[in-house]
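The values are calculated or read from the model by the stated rules, or taken from the named source; none is laboratory data. All values reported here derive from a predicted model rather than from experimental measurement. So basically every Cβ, Gly included, is an ideal-geometry build from the backbone, and we count neighbours across all protein chains shown. The area values use the complete protein model at the heavy-atom level, side chains included, leaving out ligands, DNA and RNA. Shrake-Rupley method; radii C 1.70, N 1.55, O 1.52, S 1.80 Å.
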Amino acid sequence: MRQNDTIVAISTPPGVGGIAVLRLSGPDALQMALNHLSVDRLEPRRATYCRIGNLDDGIAIYYVAPNCYTGEPTVELSCHGSLYVQQALLQLFVDGGARLATAGEFTLRAFLNGRIDLSQAEAVADLIDAVTPVQHRLAVSQLRGGYAKELETMRRQLVELTSLLELELDFSQEDVEFADRHELRQLLSRLMSHITRLLDSFRMGNALKRGIPVAIVGRPNVGKSSLLNALVGDDRAIVSDVPGTTRDTIEETFTVDGITFRFIDTAGIRQSDDLVENMGIERAKQAARTADIVLYVHDVTRPMSESEGDLNNLCGVLQGKKLLLVCNKTDLQTRGMAMNDNMVAVSAKLGRGVGDLKQAMLDIVRHDMKEDERVMLTNVRHYEALQRVGESLRHVDEGMMAGLPADLVAVDLREALYHLGTITGQVTSEDVLSSIFSRFCVGK
Ligand SMILES: Nc1nc2c(ncn2[C@@H]2O[C@H](COP(=O)(O)OP(=O)(O)OP(=O)(O)O)[C@@H](O)[C@H]2O)c(=O)[nH]1
Ligand SMILES: [Mg+2]
């Protein structure tokens, strides 16, 4: 990982634009820029209007290290967004000794120079990817470091634990077990419950980031695919009056009030001799298993007892899910129905009641979000690392209960510290870094 050279890239999206921004970062950034500008100095953090390499007129800004994004001297040139100008300027600086930056390399340098930790670098990528207000909020809160602070607190507590134990080690010749193990275990259990809470927040955090999975299930022909189409406002799934039309699962996302739902239309659930259909039905059950919200569609022209029977059979699959009973085809039904809180009446065909259904889903999500207002875990890599931290701490706990000698317990503690360090990047490998930064675009 070379870091002592000067890198260059266009930081605005590829293509023609009103303006384009070229970024130079590294020890020679200022000199390289000045070589091609019509001015002979750039005042730090001041916009200077100048000619750039006889190609264009634009604005140059010089950022002084270390208080800038990459933590090293940086110059940004805003020029006209012509493809020709962009390419010609890049060429100019490459000929002048700069190296084309790889994807995410500016942010990688920010990390390597200690400007941000690894979890914040990942938040930068999330922020760039964010398309909904919720995704934006999650990324911003991770970027601003509320989460990093929480991790730091945990790390300090772990270090404290380790040093308490090591103190005990120093005195072990004298056979004192003075580091009050009661105190140790209290500290440990506080830490463990903290970790459990963070791990628990992942389900919600991840769902908010990627879209909350909503499975649409029910008997054949009740209008599941029609409901999907009505929800997303598009003829996404094939609809027909032949039962068993949908054979595979179909996914479509839709954002309501800033919250993204990932709808999964499934094959109608029934006893069938058709092998392919049965595979589809198995997938339907699987979709219901992995969903947060299950929309069970009931056709109001059919007896309610049918759906009730199904729901009883699906009981195991539906455990822990939020279930909404969607009574469909209400346009064919004139008499009223006894409704309760978990029921929504719709006509997928006419689009009637679909707004109510969306509202009911939003209510479910908002209710869950309230329970989890603090820092939320959204990143799979962090989730896995924290799971390992939790596991090591469980070993510590077991070790202390079993009265294991301090040096053995300390091994597990150090392992916990190690896994925690992988989140922020205090310990990391080139593989991890390259997999994280390859997600970025060039120029970031
Ligand atoms: N009148 C009326 N017909 C509907 C409504 N919703 C769906 N249908 C009709 O019911 C039939 C089945 O609709 P689909 O959406 O394909 O049903 P499905 O549950 O996806 O069926 P499978 O994929 O076979 O399991 C079609 O003829 C739809 O036009 C509704 O609200 N009112
Ligand atoms: Mg269907």
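Solvent-accessible area assigned to carbon and sulfur over segment 210-329 amounts to 47 percent, based on a 1.4 Å probe.
Taking a straight line from the alpha carbon of K322, these aspartates and glutamates sit under 17 Å away, with near neighbours fewer than eight places off in the same chain left out: D200, D265, D292, E308, D310, D341, D356, D363, D368, E371, D372. Taking the charge dipole of the chain about its Cα centre, with +1 at Lys and Arg Cβ atoms and -1 at Asp and Glu Cβ atoms, the residue from H382, Y69, L165 reaching farthest to the positive side is Y69.
Normalising by the residue count of segment 211-370, find the relative contact order in percent from Cα pairs under 8 Å and 6+ residues apart. Before the final figure, lay out the partial values.
Numbers: 299 pairs, mean separation 38.6, N = 160.
Answer for segment 211-370 is 24 percent.
Can you pull the percent of segment 7-116's accessible area that's carbon plus sulfur, 1.4 Å probe, other chains left in place?
Working: 2760 of 5090 Å².
Here carbon and sulfur together make up 54 percent of the probe-accessible area.
The string of couplings for segment 97-105 from the Karplus curve (6.51, -1.76, 1.60, θ = phi - 60°) is x, 7, 10, 5, 6, 8, 4, x, 5 Hz, one whole number per residue in order, with x for Gly and Pro. Which of rounded, prolate or oblate describes segment 211-370 when judged by the alpha-carbon gyration tensor and an a/c cut-off of 1.5? Rounded shape, in that the Cα axes give a/c under 1.5. For the chain, the relative contact order works out to 16 percent when only alpha carbon pairs closer than 8 Å and six or more residues apart are counted. Roughly speaking, what is the centre-to-centre gap between segment 117-145 and segment 1-66 when only Cα atoms are used, to the nearest Å? The distance from the Cα centre of segment 117-145 to that of segment 1-66 comes to 26 Å.
Within the assembled protein chains, the solvent-accessible surface assigned to T378 is about 10 Å², based on a 1.4 Å probe.
Here's the list of lysines a cross-link from K444 could span, going by alpha-carbon distance under 24 Å and ignoring same-chain residues fewer than 8 apart: K209. In this structure segment 1-125 gives 45 Å² per residue of accessible area when probed at 1.4 Å with all protein chains present. Given axes a ≥ b ≥ c from the Cα gyration tensor, I'd like to know whether the chain is rounded (a/c under 1.5), prolate (a/b larger than b/c) or oblate. Verdict is oblate for the chain. Here the relative contact order of segment 7-116, from alpha carbon pairs under 8 Å that lie six or more residues apart, stands at 31 percent.
I want the local charge near A416. Using Cβ-Cβ distances under 15 Å, sum +1 for each Lys or Arg and -1 for each Asp or Glu among the other residues. Show your work: numbers first, answer last.
Values: positive: R155, R156, R185, R190, R388, R394, R414; negative: E152, E160, E166, E384, E391, D397, E398, D412, E415.
Local charge sum for A416: -2.
Identify the trypsin sites (Lys or Arg not before Pro) of segment 308-355 meeting these criteria: DSSP loop state and at most 15 other C-beta atoms within 10 Å of the C-beta.
Of the trypsin sites (Lys or Arg not before Pro), the ones in loops of segment 308-355 whose Cβ has at most 15 other Cβ atoms within 10 Å are R335.
Give me the accessible area per residue for segment 211-370, probe 1.4 Å, as a whole number in Å².
49 Å²
Please return the longest range in the chain lying between exposed loop sites, taking GluC sites (Glu not before Pro), DSSP loop only, at most 12 other beta-carbon atoms within 10 Å, and leaving the sites out. The answer is 178-370. For the chain, the dipole from Cβ point charges (+1 on Lys and Arg, -1 on Asp and Glu) about the Cα centre works out to 1460 debye, to the nearest 20.
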